[in-house]
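Structure first, commentary second.
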Amino acid sequence: MPKRANPLRRPSDRIEYWLSGFLMLVLGLGLPAAALGAGLTAYESSMRTVQTQSAQRQEVTARLATDVKGNAEDAKQQAPVRWTDGNGAVRTGSVLVEPGTRKGATVQVWVDRDGVLTGPPMSTLNAKTTGWFVGGMAAACVTAGFFATRAGMRHVLDRRRYAQWEAEWVLAEPLWSARFHR
């Protein structure tokens, strides 16, 4: 038996049906594609940073140049340290150390190729976290775009429906209300 057209279904209802289906298709295909694409791109970029920083930075042992005052409950403090680089030159710098640490204690520090103090290299965990975060944000943006587009579409179509109903009511109301004045 062939499907009949519903006489109460307006053209705007058909437009809404088809656009909603299209948006669902875009959400179903676009969400995973955007999330995976953005997440993998961010992960690969972060892994290149991990590899570059790991090749350019090394951990060395430095010695504290002074006593660090304070209690164990206090926050870490800046203190001068001294270390010898690969060429035998003595280097100095300042790093955060635990309060109460005595002069001459060893501290592990990170230096770059030029022997300048720097932070530790980015880890693979940081790269994975960045990939997951960026992928999740891409998924959230696609989802937000879906809902915003759907709400905008409904708003435009509802305004059109209300205008049509108002125009039809202007024609029907005098005929309808005249029944009660007889």
Practice item. Being charged (D, E, K, R) and part of a helix (DSSP H, G or I) narrows it down to one of ASP13, ASP67, so name that one. Key: ASP13
Review point. If you check ARG48, ARG57, which single one turns out to be over 19 Å from MET137 (Cα atoms) and at pLDDT 95 or above?
Key: ARG48
Practice item. Kindly list, by first and then second residue, each pair from a residue in region 77-93 that is within 15 Å of GLN58 (Cβ to Cβ) to a residue that is loosely packed, with under 13 Cβ neighbours inside 10 Å and of a type in the set (A, V, I, L, M), limited to pairs with Cβ atoms under 6 Å and residues at least 6 apart or on different chains. Key: THR84/VAL90
Check your understanding: Within the set of pairs 6 or more residues apart or between chains, which connect a residue that is touching a residue at least 24 places away in the same chain (Cβ under 8 Å) and under 19 Å from GLU16 (Cβ atoms) inside region 155-179 to a residue that is surrounded by 10 or more Cβ atoms within 10 Å (Cβ to Cβ) and charged (D, E, K, R) with Cβ atoms less than 9 Å apart?
Key -> LEU157/ASP13; LEU157/GLU16; ARG161/ARG10; ARG161/ASP13; GLN164/ARG10
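Just need a number here: residues in region 35-66 that are surrounded by fewer than 13 Cβ atoms within 10 Å (Cβ to Cβ) and not basic (Lys, Arg).
So the first thing to find is which residues in region 35-66 are surrounded by fewer than 13 Cβ atoms within 10 Å (Cβ to Cβ), and the list is 44, 48, 52, 55, 59, 61, 66.
From the residues that got through so far, the ones that are not basic (Lys, Arg) too are 44, 52, 55, 59, 61, 66.
Selection size over region 35-66: 6.
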Revision key, fill the gap. Picked from region 125-148 (must be among the polar types (S, T, N, Q) and open to solvent by 70 Å² or more (accessible area, probe 1.4 Å)), the residue nearest to ARG48 (Cα to Cα) is ASN126
Review point. So GLN77 clears everything in (1) touching a Ser or Thr at 6+ places or on another chain (Cβ under 8 Å); (2) open to solvent by 50 Å² or more (accessible area, probe 1.4 Å) except one condition, right? Which one?
Key: (1)
Point to revise | LEU27, sole failed condition from (1) free of Cβ contacts under 8 Å to residues at least 24 places away in the same chain; (2) open to solvent by less than 80 Å² (accessible area, probe 1.4 Å); (3) not in a loop (DSSP other than H, G, I, E, B) | key: (1)
Check your understanding: Since ARG159 meets every condition but one in (1) charged (D, E, K, R); (2) touching a Ser or Thr at 6+ places or on another chain (Cβ under 6 Å); (3) open to solvent by 80 Å² or more (accessible area, probe 1.4 Å), which condition does it not meet?
Key -> (2)
Point to revise | Selection from region 85-101 of residues that are outside any loop (DSSP other than H, G, I, E, B) and open to solvent by 80 Å² or more (accessible area, probe 1.4 Å) | key: VAL90, THR92, LEU96
**Study point:** Criterion: within 30 Å of THR84 (Cα to Cα), of a type in the set (S, T, N, Q) and modelled with pLDDT of 95 or more - qualifying residue of THR129, THR118, THR124, THR101
**Key:** THR124
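The values are calculated or read from the model by the stated rules, or taken from the named source; none is laboratory data. Just so we're clear, the structure is a prediction, and the values are computed from it rather than from any experiment. Cβ sites come from the backbone with ideal geometry, for glycine too, and all protein chains shown count toward neighbours. In case anyone asks, the SASA skips ligands and DNA or RNA and just uses the protein heavy atoms, side chains included. Shrake-Rupley method; radii C 1.70, N 1.55, O 1.52, S 1.80 Å.
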